[in-house]
Amino acid sequence: MESEGDKEAAMTHASRVTRQEPKDEPIVCRCEEVTLPEVVQAIREGYDTVEELKRHLRVGMGPCQGRTCLPLLARVLARETGRSLAEVMEEISTRPPLIPIPFEVWRGK
Amino acid sequence: MRRTADVVIIGAGVTGAALAYELARRGIRNVVVLERRFPCSGATGRCGGGIRQQFTTTHNIRLAMESVEHYGTLAEELGVDIEFIQGGYLILAETEEEREAQRKAVALQNDLGLPSRLLTPEEAAEILPLLDITTIKSATYCPTDGHANPFRVVEGYLRRARELGVVLEKFTEVVDLEPRGERIVEVRTSRGPISPGLVVNAAGAWSGEISRMAGVELPNKPVRHEIAITEPVEFFMEVMVISIHNGIYFSQTMEGQIIGGIGLPDERPGYNLSSSLRFLRTYSRELLRYVPALGQLSVLRQWAGLYDVTPDAQPILGPTPGLENFIQANGYSGHGFMIAPAVARHLADYIEKGVKSEILEKLSLERFKEEIRGEAFVVG
């Protein structure tokens, strides 16, 4: 069966996974490294709701569950589309769990 | 909005998007795609992204094999990275009966030219070293199965289709269909009416409701299926795993996240899209039974989508008896993403040339008048 090394590999966190080069532009979503110009461009291409932007750019889909970035995203979206912030915020759907929780906790004993 | 269209496609999931593209590519460009919310907001955008050919009916196997061929060249054709990985599908069995079902399935699949094979538990562990084979009786494996990113696939199809002249109307709901004689003569939407040449019902779990607007009853039922995704971890599994014992499936995305789900057997038909604790408990229990090393991996998010389930778990494709310009493209029963590229080509060929392929003949709505022999390997 699996060795300790395999287990360790499986549980190694994303923090150790090498991702893209550092970016110069302001970051909207830290978890998924989505920048402000990327968001603005996507809105101009027609991804003009929060839910579409999430699916297109992965913004808000990282481990923070959008806590940091979705309010920022909503402001950019409101500004770019001329809609009210309240209307844009209303589009945001949340999905459980509120914080990441390991499989063994869900399984229980 | 355009007031007339050669083809009105209802639904911008993978089926509607792929068909729009295939029609446009054939020169049929006065096409409108109507989407109640936004592209991928239904089952396509909620699915696990698996692309499997190891089925138990000839038509599902054939459609999936054709689709895998298309998926192989789709990224280049559409100019989009669809994150297609052919890491194979490993199907697990835990009883003698399930092993026998696997043996029969592989025989049929091999007859149709699919390179699937029956494995011992030890051979399965060679493919996925972290797999705990204590309870495994047998497995099957097909190296050309895989998975892709549904969002990228739909985006790619729609982008090319729109470049070729197709119109996408998002946040536009179909409120009624008006049949007159043997045709649908008007599609009424929340943004005005359209006179259609053809109407394609690619509304997934809502296809029954759309069809009813034209006075046609479909045997489809919407059934909730839940799914969850984890934080990313280092890439350790290229293969996608499913089990015919408990209906679990899981794979690792290019981002490194484990995405998977499990069907709950007592799920009742309906439009319930809520997330349940019971699902997460069941999924976690069964996943850790197969891959105990994932115990400390955290679930990031769970959600649900709707399977559009037919009595034989095969899609309903082609014109509707009595309403010849009303084309059905629904009833995928959880396998729509896998077979959409092939289905789109069969339907586009029919729309272009008026000639039905053998698969369209066999998978028409009319088949439900006869005895039903269905797909046995439905998971998720």
(request) Scan the stretch A:29-87 for residues that are basic (K, R), under 23 Å from B:E231 (Cβ atoms) and either touching a residue at least 24 places away in the same chain (Cβ under 8 Å) or touching a strand residue (DSSP E or B) at 6+ places or on another chain (Cβ under 8 Å) (or both) and jot them down. (result) A:R30, A:R58
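With the condition kept exactly as written, say whether any residue in the stretch B:127-134 is polar (S, T, N, Q) and free of Cβ contacts under 8 Å to residues at least 24 places away in the same chain. Write out each step before concluding.
Taking the stretch B:127-134 and keeping what is polar (S, T, N, Q), we get B:134.
Now narrow it down to the ones that are free of Cβ contacts under 8 Å to residues at least 24 places away in the same chain: B:134.
Yes, the conditions are met somewhere in the stretch B:127-134.
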(request) State whether the residues of the stretch B:61-81 include one that is in a helix (DSSP H, G or I) and within 14 Å of another protein chain (Cβ to nearest Cβ). (result) no
(request) From B:R103, B:R159, B:R99, grab the single residue that is under 21 Å from B:I51 (Cβ atoms), surrounded by fewer than 21 Cβ atoms within 10 Å (Cβ to Cβ) and of a type outside the set (D, E). (result) B:R159
(message) Residue under question is B:P321, and the condition is that it be closer than 28 Å to B:R62 by Cα and of a type outside the set (S, T, N, Q); does it hold?
(response) yes
(message) Looking for something in the same structural domain as B:I184 (by TED's automatic domain parsing), under 25 Å from B:L92 (Cα atoms) and β-branched (V, I, T) - is there at least one such residue anywhere in the stretch B:340-348?
(response) no
(message) Being out of contact with any Pro (no Cβ under 8 Å at 6 or more places or on another chain), under 30 Å from B:K221 (Cα atoms), among the small types (G, A, S) and not assigned by TED's automatic domain parsing to the domain that holds B:E286 is true for just one of B:G27, B:G16, B:G79, B:G72. Which residue is that?
(response) B:G16
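Residue-by-condition table, conditions (1) modelled with pLDDT under 95; (2) touching a Gly at 6+ places or on another chain (Cβ under 7 Å):
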residue: A:R16; (1), (2): yes, no
residue: A:E21; (1), (2): yes, no
residue: A:L73; (1), (2): no, yes
residue: A:P97; (1), (2): yes, no
residue: A:I101; (1), (2): no, no
residue: A:W106; (1), (2): no, no
(request) Find all pairs meeting these conditions: Cβ atoms under 8 angstrom apart; at least six residues apart or on different chains; first residue within the stretch B:89-100 and outside any helix (DSSP H, G or I); second residue among the acidic types (D, E). (result) B:Y89/B:D145
(request) Provide a single number: the residues in the stretch B:240-262 that are in a loop (DSSP other than H, G, I, E, B) and either surrounded by fewer than 21 Cβ atoms within 10 Å (Cβ to Cβ) or not hydrophobic (A, V, I, L, M, F, W, C) (or both). (result) 7
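Scan the stretch B:264-290 for residues that are hydroxyl-bearing (S, T, Y), within 11 Å of chain A (Cβ to nearest Cβ) and under 15 Å from A:F103 (Cβ atoms) and report the count.
3
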(message) Name the residue that is farthest from the other protein chains (Cβ to nearest Cβ), counting only residues in the stretch A:51-91 that are of a type in the set (V, I, T) and either surrounded by 23 or more Cβ atoms within 10 Å (Cβ to Cβ) or part of a helix (DSSP H, G or I) (or both).
(response) A:V76
(message) Restricting to the stretch B:66-78, name every residue that is surrounded by fewer than 21 Cβ atoms within 10 Å (Cβ to Cβ) and out of contact with any helix residue (DSSP H, G or I) (no Cβ under 7 Å at 6 or more places or on another chain).
(response) B:E69, B:G72, B:T73, B:A75, B:E76, B:E77
(request) List the strands (runs of 3 or more DSSP E) that sit entirely inside the stretch B:105-198 and contain at least 1 residues that are within 24 Å of the chain's Cα centre (by Cα). (result) B:117-119, B:138-142, B:167-169, B:174-180
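Table: residues versus (1) farther than 30 Å from B:Q328 by Cα; (2) more than 14 Å from chain A (Cβ to nearest Cβ); (3) without any contact (Cβ under 8 Å) to a residue 40 or more places away in the chain.
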| site | (1), (2), (3) |
| --- | --- |
| B:G204 | no, yes, no |
| B:E209 | no, yes, yes |
| B:A214 | no, yes, no |
| B:P219 | no, yes, no |
| B:P222 | no, yes, no |
| B:I229 | yes, no, no |
| B:M237 | yes, no, no |
| B:I244 | no, yes, no |
| B:T253 | yes, no, no |
(message) The conditions are (1) more than 12 Å from the chain's Cα centre (by Cα); (2) at the interface with chain B (Cβ under 10 Å from one of its Cβ atoms); (3) within 18 Å of A:S93 (Cα to Cα), and A:E45 fails exactly one of them. Which is it?
(response) (3)
(message) The conditions are (1) within 30 Å of B:P196 (Cβ to Cβ); (2) under 19 Å from the mean Cα position of the chain (by Cα); (3) at pLDDT 95 or above, and B:Q54 fails exactly one of them. Which is it?
(response) (1)
(message) Going through B:E324, B:E267 one at a time, which residue ends up being surrounded by fewer than 20 Cβ atoms within 10 Å (Cβ to Cβ), more than 26 Å from A:R95 (Cα to Cα) and either touching a residue at least 12 places away in the same chain (Cβ under 8 Å) or not assigned by TED's automatic domain parsing to the domain that holds B:I351 (or both)?
(response) B:E324
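Among the residues of the stretch B:292-319, which ones are β-branched (V, I, T) and buried (at least 24 other Cβ atoms within 10 Å of the Cβ)?
Across the stretch B:292-319, the qualifying residues are B:T310, B:I316.
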(message) Checking the condition farther than 17 Å from B:G11 by Cβ, outside the structural domain of B:E22 (by TED's automatic domain parsing) and either among the small types (G, A, S) or in contact with an Asp or Glu (Cβ under 9 Å, 6 or more places away or on another chain) (or both), which residue from B:S275, B:S364, B:S357 passes?
(response) B:S275
(request) Collect the residues in the stretch B:26-56 that are more than 14 Å from chain A (Cβ to nearest Cβ) and surrounded by fewer than 20 Cβ atoms within 10 Å (Cβ to Cβ), keeping them in residue-number order. (result) B:R26, B:G27, B:R29, B:N30
(request) Please state which of the following conditions B:T134 fails to meet, knowing it meets all the rest: (1) more than 14 Å from chain A (Cβ to nearest Cβ); (2) among the polar types (S, T, N, Q); (3) surrounded by fewer than 21 Cβ atoms within 10 Å (Cβ to Cβ). (result) (1)
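The values are calculated or read from the model by the stated rules, or taken from the named source; none is laboratory data. Only a predicted model underlies this, so the values are computations on that prediction, with no experimental measurement involved. Glycine also receives a Cβ, built like all others from the backbone with ideal geometry; neighbour counts cover every protein chain displayed.
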